[in-house]
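For reference, the structure discussed in these notes is given below.
The values are calculated or read from the model by the stated rules, or taken from the named source; none is laboratory data. Worth saying up front: this structure is predicted, and the values here are computed from it rather than measured. Virtual Cβ from ideal backbone geometry, glycine too; neighbours counted across all protein chains shown. Just the protein is used for accessible areas: all its heavy atoms, side chains included, with ligands, DNA and RNA removed. Shrake-Rupley method; radii C 1.70, N 1.55, O 1.52, S 1.80 Å.
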Amino acid sequence: MATSGSRGSLLLQAAQLIPFVSFFFTLLLFAAPTVSAAPIRVPDLRECELAVDASVTGPPMTLTLNCCLPIPPQSPINFSFSQYNSEPRVRQAAHKVSEDYIAKYTRAYELMKALPDDDPRSFYTQADIHCAFCNFAYMQAGNSSVALQVHFSWLFLPWHRWYLYWHERILQSLLGDPTFSLVFWNWDDQRDGGNVMPDMFVRNGTALYDENRNQNNLPPAVVRLRPNSTGNDTAIVNQNLNDMYLDVVTAITAELFMGGAYRTGTDLTNSTVLDAPLGGLLENGVHNGVHVWTGDPNLPLIQDMGTFTTAARDPIFFAHHSNVDRLWDKWKYDMPDGPRTDHNDSDFLDAEFYFYDETATLVKVTVRDSLDNSKLGVSYPTMDTDELWINYNPPVMSNGSAVNAARAAGIATMGAAPQNGTIFLGSSFSAIVETPSSPQPDTSKATVLVIQGLELTRNSFVSMSGFINLPFATALTDTSSAEYLGTFNFIPTTNINFRHLTANFKFDIADNMQRIGIENETEVLITLVITGVEPVSIQGLLIEYE
């Protein structure tokens, strides 16, 4: 069992175990509860494992990481809005803030980085929080054989919102300024300068700088929300706009946008086609894209931003996730089809997490208390450039249904699992897929392509892009068109116990079919394009109403 305490580097060739300090009077509070309820509960922080990992690039090497969190001497408390009343604050776009605010922001991180490593408020421990709950340092409460993970499911957005909230409160406390707020990296802005790394984070020698970034992607390089996009800046901008449109605007259900169910007992390392969790389009699309684009591909973990274990070591991480958080609000309140709703499942609402407050006290929070940012005192300004991707009008490349031409070229029909066995995709795979035979019921909102049982080993970065009605799409095919369905970006993981992934993935294809004029066809042509060297397989393709 790994222990917490003052540590040196997070990357250790050999684990340096710090003597474990036991707080007997908190035993019952920290012990994993015996419960039959399905919501994710807070883990036992005394039961922490070292992560033994391997490099994802460069020479093979084994690394040991200690992400275990310090256990404060005082007992944990439950969050309440009355106790944690927050000053209303507006998080501003990083590329628009003043020099005075940049100086204040830099000072806040100087103070956080000056704290001892074993202080729960320190930048070191704050980075460890992400590593711990994203790299399987803890097991699930109520099912100690299953690792806890806050990505790839409906937990992703609320967990990261809470993470920002407490990180921001600590910075406020260190500055003595309750009005201080995080900034957001406005990478979806494709007109007014938000789509490059913000200047405030690339000033060498400051507390906001991180040397472990892709040096080819420093300003004025335009961010690629699909990291392997090609073309000049104009082409990249149009592709970025379409990725935003698909990952936010057309992701009309909570499952598509936020991700699917993750309950006590859900094992992300051992899923089947029937129970494979679904990560949301925002997370697996543009969010993952920015992480990979920012991290240094020459380092063994593509650190810092390119992997879970080290991502939060880069201060730009918190600006990146502030934009993710802003887009969650945008999705809920400002879409053309009107307000949208989060999951309302009690297992979602009652899920629990631990975070440290500004006094280094451990606080237990729930998902339900995170769903209204205004209650947390957080808001975001209206950004005019949002309208560019909200109203993006992707051009149509094809002419009529491609099914007959595809069949003549020898492309076969593919059905739902398990009738197909295992199909390896190669660099490009096309199949004809039947559309639902019955009319869309009034209760459904989306026409969804389900990619069933996708499996890969995440040794290196892999992306899977979907196209409809384009039988010969490749990695070089323009992704700014109506035929493009979106991209899932698979971040490589250093955790040897989580490299193998089995999951179901979904695209809402109704908007694409309507724009192309094939919404009434009984069959459609689907092409999946893989970028990367890792073998990728699927077990079926299914189109259904949800």
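Observations
- Which listed residue, of Asp329, Asp247, is more than 15 Å from the chain's Cα centre (by Cα) and in a helix (DSSP H, G or I): Asp329
- Put simply, of Pro116, Pro120 the only residue that is in contact with a Phe, Trp or Tyr (Cβ under 8 Å, 6 or more places away or on another chain), modelled with pLDDT of 95 or more and open to solvent by 10 Å² or more (accessible area, probe 1.4 Å) is Pro120.
- In segment 160-183, of all residues being of a type in the set (D, E, K, R) and in contact with a Phe, Trp or Tyr (Cβ under 8 Å, 6 or more places away or on another chain), the one that is farthest from Asn288 (Cα to Cα) corresponds to Arg169.
- Residue that is open to solvent by 10 Å² or more (accessible area, probe 1.4 Å), within 15 Å of Glu358 (Cα to Cα) and among the charged types (D, E, K, R), where the choices are Arg203, Arg169: Arg169
- Filter pass, Val52 being of a type in the set (Val, Ile, Thr), modelled with pLDDT of 90 or more and open to solvent by 20 Å² or more (accessible area, probe 1.4 Å): no
- Enumeration of residues in segment 123-145 that are over 28 Å from Phe81 (Cβ atoms), open to solvent by less than 10 Å² (accessible area, probe 1.4 Å) and hydrophobic (A, V, I, L, M, F, W, C): Cys131, Ala137
- Selection status of Phe472, at pLDDT 85 or above and hydrophobic (A, V, I, L, M, F, W, C): yes
- Selection within segment 294-308: residues that are of a type in the set (S, T, N, Q) and surrounded by fewer than 23 Cβ atoms within 10 Å (Cβ to Cβ). The member of this set that is modelled with the highest pLDDT is Asn298.
- Residue match in segment 492-505 (condition: part of a strand (DSSP E or B), hydroxyl-bearing (Ser, Thr, Tyr) and at pLDDT below 95): yes
- Asn186 vs. criteria open to solvent by less than 20 Å² (accessible area, probe 1.4 Å) and touching a Phe, Trp or Tyr at 6+ places or on another chain (Cβ under 7 Å): no
- Applying the criterion of being modelled with pLDDT of 95 or more and of a type in the set (D, E, K, R) to the residues of segment 320-344, the residue that is most open to solvent (accessible area, probe 1.4 Å) is Asp334.
- Qualifying residue in segment 309-317 (condition: touching a helix residue (DSSP H, G or I) at 6+ places or on another chain (Cβ under 6 Å), open to solvent by less than 10 Å² (accessible area, probe 1.4 Å) and of a type in the set (Asp, Glu)): no
- Only one of the listed residues (Val249, Val222) is out of contact with any strand residue (DSSP E or B) (no Cβ under 8 Å at 6 or more places or on another chain), over 20 Å from Phe467 (Cβ atoms), surrounded by fewer than 23 Cβ atoms within 10 Å (Cβ to Cβ) and at pLDDT 95 or above. That residue is Val222.
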